[in-house]
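Asks: Structure below; questions to follow.
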Amino acid sequence: MPDQRDPAPYDALLLLSFGGPEGPDDVVPFLENVTRGRGIPKERLKEVGQHYFLFGGVSPINDQNRALLDALRKDFAEHGLDLPVHWGNRNWAPYLTDTLREMVADGHRRIAVLATSAYASYSGCRQYRENLADALATLEAEGLELPRVDKLRHYFNHPGFVRPMIDGVLKSLADLPEEVRAGAHFAFTTHSIPTSAADASGPADEHGEGGAYVRQHLDVARLIADAVRDETGVEHPWQLVYQSRSGAPHIPWLEPDISDHLEELHASGAPAAVMVPIGFVSDHMEVLYDLDTEATAKAAELGLPVQRSATVGADPRFAAAVRDLVLERAASERGVNAERCALGPLGPSHDLCPVGCCPARAPKPAAAGADSPYASSTPKEAL
């Protein structure tokens with residue numbers, strides 16, 4: 001990790017997340033924000049929103065972001081990093097544009113951005129960059145001085161992201177009945193996306209079957225499985241599986257689905273399973289409903305013992321990793337070499353998204369990349 005505590009040229013960090021409803025009356029307006037432009041009728045949105053209503057219409061994601069904000073501010077203060085942390089969402093209050101407007105009013109001009117998505121994909125990276133561009137365009141139309149925004153690199157293989165998940169799997173194994181523990185299979189889960197989006201994920205030279213999205217998840221799954229083997233002496237079979245599909249049935253999406261996979265495990269004689277949501281930073285609705293509710297119910301129906309391991313959330317080690325990412329990028333902006341922490345063969349991700357990286361479904365401006373219409377810094381390794 002970098003030794004310096006100098007965040008210059010950055011004067012603020014923006015936590016950029018998806019957002020979620022905080023009460024029953026918020027559910028349909030929130031879903032309208034998420035699906036805007038797709039022509040989905042309100043009655044259909046009410047049907048889609050039923051799993052939110054099961055939890056009182058409240059998504060846990062906003063409270064989890066508040067906890068992460070607290071963890072970041074605490075970590076920064078304890079390590080002498082003088083950098084204010086702000087929070088904005090794509091689809092619900094506090095909205096990204098409002099937060100950026102407030103940051104500009106407070107005098108912030110160089111902003112590092114942490115997205116609550118660790119992997120490369122259109123929905124997990126470029127769409128956040130498009131939202132940043134939309135917000136900057138709004139501020140520009142209002143005549144405000146635009147800040148420079150730099151999105152921090154993908155952190156899927158940063159030890160501060162991976163190690164808490166390893167510990168979560170070890171705990172889940174310990175929570176299984178002893179007689180099935182050694183034979184448990186690991187189901188590493190992430191959000192399913194259209195296969196076409198997966199194939200085009202990452203820089204253009206990484207496009208192909210599954211693209212960077214699948215490759216990065218497989219890398220993390222292997223890191224965790226290997227670490228558990230090294231620490232327990234037991235080799236557990238594992239597979240990358242998917243959840244939370246939401247697209248039209250005729251469009252191919254990544255498979256297998258977690259519930260289908262649990263059926264296959266049971267049919268093959270597997271004694272137990274640990275579901276490991278490596279694709280998610282926190283226990284938001286997709287984790288609580290698709291894993292803790294639907295998949296767990298399927299396992300109970302099958303008589304298959306399962307445990308679901310924890311996401312990283314506001315773990316202090318993740319907060320420390322964010323500090324590391326900020327200082328690493330700040331040093332790079334100043335032309336200073338800094339250690340770039342990463343586990344596994346893929347190494348640290350790029351700082352600046354190149355042209356053709358996770359291409360949009362339709363051409364649309366995106367900030368914080370080589371193709372940004374707004375001023376964007378260019379780290380030395382991108383030159």
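Every number here is computed from the coordinates shown, using simple stated rules; none is lab data. Note that this is a predicted model, so its numbers are computed, not measured. Cβ: placed from backbone, ideal geometry, glycine included. Neighbour counts: every protein chain shown.
Asks: With labels modelled as points extended 7 Å from the Cα through the Cβ direction, what inter-label distance (nm, one decimal) is found for Glu179 paired with Arg361?
Replies: Label-label distance for Glu179 and Arg361, simple model: 5.0 nm.
Asks: Cα axis of helix 258-268 to longest principal axis of the chain: angle in degrees, 0 to 90, nearest 10?
Replies: Around 30 degrees separate the two axes.
Asks: Towards the positive end of the charge dipole of the chain, with charges on Cβ (+1 Lys, Arg; -1 Asp, Glu), say which of Leu15, Leu223, Ala267 has the farthest Cα.
Replies: Among Leu15, Leu223, Ala267, the one farthest towards the positive end of the dipole of the chain is Leu15.
Asks: Once segment 1-54 is represented by equal point scatterers at the alpha-carbon sites, with solvent omitted, what log10 I(q)/I(0) does the Debye formula produce at q = 0.14, 0.18, 0.24, 0.32 Å⁻¹?
Replies: -0.53, -0.64, -0.97, -1.26
Asks: In whole Å, how far is the Cα centre of segment 105-136 from that of segment 1-77?
Replies: Answer, in whole Å: 13.
Asks: What's the tally of Lys pairs in the chain whose alpha-carbon atoms lie under 29 angstrom apart, where the two lysines are 8 or more places apart or on different chains?
Replies: Within the chain, the lysine pair count is 8.
Asks: Let me ask something else about it. Quick one: helix 211-232 against the long Cα principal axis of the chain, what's the angle to the nearest 10°, folded into 0 to 90?
Replies: Approximately 60 degrees, to the nearest ten.
Asks: With labels modelled as points extended 7 Å from the Cα through the Cβ direction, what inter-label distance (nm, one decimal) is found for Asp6 paired with Ala67?
Replies: Those two pseudo-labels are separated by 3.7 nm.
Asks: I've got another one for you. Once you have all Cα-Cα distances for the chain, histogram them in 10 Å bins from zero and send the whole-percent values.
Replies: In whole percents, the pair-distance histogram is 5, 23, 34, 26, 11, 2, 0.
Asks: While we're on this one: Cα axis of helix 96-105 to longest principal axis of the chain: angle in degrees, 0 to 90, nearest 10?
Replies: In the chain, helix 96-105 runs at an angle near 30 degrees to the longest axis.
Asks: I would also like to ask the following. Would you please classify the overall shape of segment 240-383 from the alpha carbon gyration tensor, given that a ≥ b ≥ c denote the square roots of the eigenvalues, rounded means a/c under 1.5, and beyond that prolate means a/b larger than b/c while oblate covers the rest? Provide the component values of the computation, followed by the final result.
Replies: On the way: a/c = 2.88, a/b = 1.81, b/c = 1.59.
It is prolate, given that a/c is not under 1.5 and a/b is the larger ratio.
Asks: OK, next. In deg cm²/dmol and to the nearest 500, what is the mean residue ellipticity at 222 nm of the chain if only DSSP H runs of at least 4 residues count, each as -39500 (n - 2.57), divided by the residue total?
Replies: Result for the chain: -11500 deg cm²/dmol, rounded to the nearest 500.
Asks: Could you check the spin-label model distance between His79 and Glu32? Points 7 Å from the Cα along Cα→Cβ, value in nm.
Replies: 4.2 nm
Asks: What longest range of the chain stays clear of loop-exposed GluC sites (Glu not before Pro) (DSSP non-H/G/I/E/B, at most 10 other C-beta within 10 angstrom)? All intermediate terms of the calculation are to be shown ahead of the outcome.
Replies: On the way: sites that count: Glu142, Glu145, Glu209.
Longest run free of exposed loop sites: 210-383.
Asks: Restricting the count to DSSP beta bridges whose residues both fall in the chain, what percent are antiparallel, rounded to a multiple of 5? Write out the running numbers ahead of the final one.
Replies: Values: 2 of 32 bridges.
In the chain, DSSP labels about 5 percent of beta bridges as antiparallel.
Asks: When the chain is fully extended, how far beyond the present Cα-Cα distance does Leu144 get from Asp98, taking 0.36 nm per residue of separation?
Replies: 15.3 nm
Asks: Give me, ordered by chain and number, the residues 5 or more places off Leu14 or on other chains with an amide H under 5 Å from its own placed amide H.
Replies: So Leu14 has HN proximity to His86, Ala112, Val113, Leu114.
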